[in-house]
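Everything on this sheet refers to the single structure shown next.
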Amino acid sequence: MSTAIRHIRSASVVLAQANIDTDRIIPARFLSTTTRTGLGQHAFADWRKRSDGSVDPDFALNRPQNAGRSILIAGRNFGCGSSREHAPWALVDAGLRAVVSSQVADIFRANALKNGLVPVVLDEGTVQDLMRRPDDVLEIDIAAGELRTPAGEAHRFELDAFARTCLLEGVDELGYLLARSPDITRYETRQTPEFRHGF
Amino acid sequence: MAPPKTLLDKLWDAHVVVPETADAPAVLYVDLHLVHEVTSPQAFTELEARGLSPRRPDRTKATLDHSTPTLPAATDGRLPYASAQSEAQVEALRRNCARHGIELFDLGDARRGIVHVVAPELGLTQPGQTIVCGDSHTSTHGAFGALAFGIGSSEVGHVLATQCLLQRKPRALAITIDGELGPGVGAKDVVLHVIGRIGVNGGTGHVIEFRGSTVRAMSMEQRMTLCNMAIEAGARAGLVAPDATTFAWLAKTPRAPTGEALDEAIAHWRTLASDPDAAFDQEVRIDARGIRPTVTWGTHPGTALAVDQRIPAPADGAETKALAYMQLQAGAHIAGTPVDVVFVGSCTNGRLSDLRDVARVLDGRRVHPRVRMLVVPGSEQVKREAEAEGIDVIVRAAGAEWREPGCSMCIAMNGDLVAPGQLAVSTSNRNFEGRQGPGARTLLASPLTAAASAVAGVVADVRELETAATEAA
Ligand code: SF4
């Protein structure tokens, strides 16, 4: 990830269910790819289509009024399950830039941030309240760590300082790590007991 | 005197290359990086696009498991891949490993199998290490007292290039399980019970250290089952402090230190336990004596209930939806639910002891005619050892399929699928909607419960089957 993001401004798409897992977000049958592009069409594949293959017009991401919206509001513990980065790849490819929930699973959160998908964690009551007003154009201000509503409410959300810098400045994490090479070499020469075992 | 440390503190401190600050996470060294075909191709592509090559190919080990067929090759030698894409993933890993000098346990290699089964059985997994893999069930290796966790593909690239990760230290959660396990109850029942108690997000932000007399009495296989499912409680990793059971396992593996080096290693490994007064961020106590064979009724692993219980009334809309998806009725007994498929395998319960449990139940019995049963060893080694004991013969004689090692129906990427609407009793780790195929309904269970259900054709209480057998004898 190396494009800077400062603000996200959009109405929302709501998936109220709790514990939306990574198999929901991108079913395993779409993981047989060797690239990271083009997964958006398969995001929530088993919810987007009915079992007979026809498009389910009632599914939130299929509703015409939701087209182009970049904020997803989801139930508690979003992204639980697998470490597949295909999940944020699919969501970003589908046009989403932020996930608002009262809890976001650990590995998903890390993967999301690496792809410019911002996890916005707010208390359950606020999330429930936002879910009732999906047409409000929300503004997510990354520098301020705030989600603002048109009614003028400002909800603070926690964002790790490093994650915030990465988003705002488009910091390349791999570049950051590579710059620590001298420290890494020094660590390796320390030869801790764990390090000493070869494989 | 130094302040008391948890096992997590000790593992963490030993691997910090650059300490964390308010502004930046720690740079954490990775001792062992495990790689498989599904989550690595994009990482290798990224690496090459930047003109980089792996920093420590010697600390990177690869295997093929997720996309590989579990049916043998056709007469023309071709393997029945689910798709050309699956085959391309396998080819990509071969190419990447060959190009970068990474050891690969390829198809046909006697060491190949599910990544979380092969590393422990080869002795690559050792106490005190940090171990990562682009797979959430990397938590399995924590059973050896290693800090082991799943990472995404971008991080796979970071580790390839630098052997390091940017990480914030997780919090420590102690789950103390005491008491003897009842008949028919194993590690899978214990961990499903635990997730039922603390919830699928109960471990979020934490590493769980499993402690207590029940855990100490467990075999390495059982400890792996426990740590494997730590991620299903939302935890980053699971841990069990290494002890004599761990050392005995490692002494038998080909890649662990030997002779004097092993003695030295063991002396160090003995220090890898939480200090007596170490403070955990959270503690949970579980009485193992109360645990019965446990299964799930819903669409996440937290929907656990004892096999002799009734399905609870839905607590919210999500549970109502889950019940509808599972085609189950609140208030009904879960036992007696008709079963279409039984899957035994995965990195949760695809090891030799699991297959022995299954064989014990199937021996002299038949799989119910309605049920399709698949038994998939976790690795080539497990398969060889099981066949040496005649487990394959018992499995086949009972009418079940004996397959080649791999992830198979756990993730249903390789063509092994549960059909829409079918109910599967599975020894794997996730009962998410569609996990075993679109529309598939999954009930998680132990190998004993899975085998008993295969015989009965309905979700069954293995204790009843075993009592009946004793009475008949
Ligand atoms: S067996 Fe299942 S959980 Fe384990 S590595 Fe394979 S797909 Fe993942």
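The values are calculated or read from the model by the stated rules, or taken from the named source; none is laboratory data. Keep in mind it's a predicted model, so treat the numbers as computed, not measured. All Cβ positions, even for glycine, are placed from backbone atoms using ideal geometry, and neighbour counts span all protein chains on display. Please note that ligands, DNA and RNA were not included when accessible areas were found on the heavy atoms of the full protein model with its side chains. Shrake-Rupley method; radii C 1.70, N 1.55, O 1.52, S 1.80 Å.
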Among B:Thr162, B:Thr138, the single one that is within 16 Å of the ligand (Cβ to nearest atom), buried (at least 24 other Cβ atoms within 10 Å of the Cβ) and in contact (Cβ under 8 Å) with a residue 60 or more places away in the chain is B:Thr138
I'd like to check something: does region A:21-31 contain any residue that is open to solvent by 20 Å² or more (accessible area, probe 1.4 Å), within 16 Å of the ligand (Cβ to nearest atom) and more than 9 Å from chain B (Cβ to nearest Cβ)?
yes
Within the group B:Arg384, B:Arg403, B:Arg396, B:Arg430, which residue is of a type outside the set (S, T, N, Q), modelled with pLDDT of 95 or more and closer than 21 Å to A:Asp46 by Cα?
B:Arg430
For B:Glu121, only one of the following conditions fails: (1) within 22 Å of B:Glu91 (Cα to Cα); (2) out of contact with any strand residue (DSSP E or B) (no Cβ under 6 Å at 6 or more places or on another chain); (3) open to solvent by 10 Å² or more (accessible area, probe 1.4 Å). What is its number?
(1)
Test B:Lys188 against the stated conditions and say whether it is crowded, with 23+ Cβ neighbours inside 10 Å and either basic (Lys, Arg) or in a loop (DSSP other than H, G, I, E, B) (or both).
yes
Filter region A:32-54 down to the residues that are open to solvent by less than 30 Å² (accessible area, probe 1.4 Å) and part of a loop (DSSP other than H, G, I, E, B) and list them by number.
A:Ser32, A:Thr33, A:Leu39, A:Ala43, A:Phe44
Is region B:350-361 home to any residue that is modelled with pLDDT under 95 and assigned by TED's automatic domain parsing to the domain that holds B:Val395?
no
Being without any contact (Cβ under 8 Å) to a residue 40 or more places away in the chain and farther than 22 Å from B:Ile208 by Cα is the filter; apply it to region B:238-251 and report the residue that is nearest to the other protein chains (Cβ to nearest Cβ).
B:Ala251
Report, by residue number, each residue of region B:12-66 that is among the hydroxyl-bearing types (Ser, Thr, Tyr) and over 21 Å from B:Ser86 (Cβ atoms).
B:Thr21, B:Tyr29, B:Ser53, B:Thr60
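Let's see how each residue does on (1) open to solvent by 40 Å² or more (accessible area, probe 1.4 Å); (2) within 14 Å of another protein chain (Cβ to nearest Cβ); (3) assigned to a loop (DSSP other than H, G, I, E, B):
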position: B:Pro276; (1), (2), (3): yes, no, yes
position: B:Glu283; (1), (2), (3): yes, no, no
position: B:Val295; (1), (2), (3): no, no, no
position: B:Pro301; (1), (2), (3): no, yes, yes
position: B:Pro312; (1), (2), (3): yes, no, yes
position: B:Glu319; (1), (2), (3): yes, yes, no
position: B:Ala335; (1), (2), (3): no, no, yes
So A:Glu158 passes all but one of these: (1) open to solvent by less than 40 Å² (accessible area, probe 1.4 Å); (2) more than 21 Å from A:Gln65 (Cβ to Cβ). Which condition number does it fail?
(1)
Given (1) touching a helix residue (DSSP H, G or I) at 6+ places or on another chain (Cβ under 6 Å); (2) at pLDDT 95 or above; (3) within 10 Å of chain B (Cβ to nearest Cβ), index of the condition A:Lys114 fails
(2)
Taking B:Met409 as the residue in question, decide whether it is within 12 Å of another protein chain (Cβ to nearest Cβ) and at pLDDT 95 or above.
yes
Listed by range, strands (runs of 3 or more DSSP E) wholly within region B:367-473 having at least 1 residues that are polar (S, T, N, Q), within 14 Å of the ligand (Cβ to nearest atom) and open to solvent by less than 50 Å² (accessible area, probe 1.4 Å) are B:423-426, B:441-444
Can you tell me which residue among A:Ser83, A:Ser101, A:Ser70 is within 16 Å of the ligand (Cβ to nearest atom) and touching a residue at least 24 places away in the same chain (Cβ under 8 Å)?
A:Ser83
Note on B:Trp12: of the conditions (1) more than 10 Å from chain A (Cβ to nearest Cβ); (2) assigned to a helix (DSSP H, G or I); (3) open to solvent by less than 10 Å² (accessible area, probe 1.4 Å), unmet is (3)
Among (1) surrounded by fewer than 20 Cβ atoms within 10 Å (Cβ to Cβ); (2) more than 24 Å from B:Val38 (Cα to Cα), A:Gly116 falls short only on (2)
Of all residues in region B:50-68, which are more than 16 Å from the ligand (Cβ to nearest atom) and not hydroxyl-bearing (Ser, Thr, Tyr)?
B:Arg50, B:Gly51, B:Leu52, B:Pro54, B:Arg55, B:Arg56, B:Pro57, B:Asp58, B:Arg59
Filter result for B:Ser346 (closer than 30 Å to B:Pro3 by Cβ and surrounded by 14 or more Cβ atoms within 10 Å (Cβ to Cβ)):
no
Do you know which residues across region B:141-154 are of a type outside the set (Phe, Trp, Tyr) and in contact (Cβ under 8 Å) with a residue 40 or more places away in the chain?
B:His141, B:Gly142, B:Ala143, B:Gly145, B:Ala146, B:Leu147, B:Ala148, B:Gly150, B:Gly152, B:Ser153, B:Ser154
Residue identified as within 14 Å of the ligand (Cβ to nearest atom), within 12 Å of another protein chain (Cβ to nearest Cβ) and in contact with a helix residue (DSSP H, G or I) (Cβ under 8 Å, 6 or more places away or on another chain) among B:Ile114, B:Ile131:
B:Ile131
Would region B:43-59 turn up any residue that is touching a strand residue (DSSP E or B) at 6+ places or on another chain (Cβ under 9 Å), open to solvent by 50 Å² or more (accessible area, probe 1.4 Å) and without any contact (Cβ under 8 Å) to a residue 60 or more places away in the chain?
yes
I'm trying to understand the selection: among the residues of region B:220-265, which are open to solvent by less than 40 Å² (accessible area, probe 1.4 Å), hydroxyl-bearing (Ser, Thr, Tyr) and more than 19 Å from B:Leu32 (Cα to Cα)?
B:Thr225
Determine if region A:156-174 includes at least one residue that is at pLDDT 95 or above, of a type in the set (Gly, Ala, Ser) and either within 24 Å of B:Leu11 (Cβ to Cβ) or in a helix (DSSP H, G or I) (or both).
no
Residue identified as more than 10 Å from chain B (Cβ to nearest Cβ), hydroxyl-bearing (Ser, Thr, Tyr) and touching a strand residue (DSSP E or B) at 6+ places or on another chain (Cβ under 9 Å) among A:Ser54, A:Ser10, A:Ser83:
A:Ser10
How many residues are in contact with a strand residue (DSSP E or B) (Cβ under 7 Å, 6 or more places away or on another chain), among the hydrophobic types (A, V, I, L, M, F, W, C) and more than 10 Å from chain B (Cβ to nearest Cβ) when one looks only at region A:147-199?
4
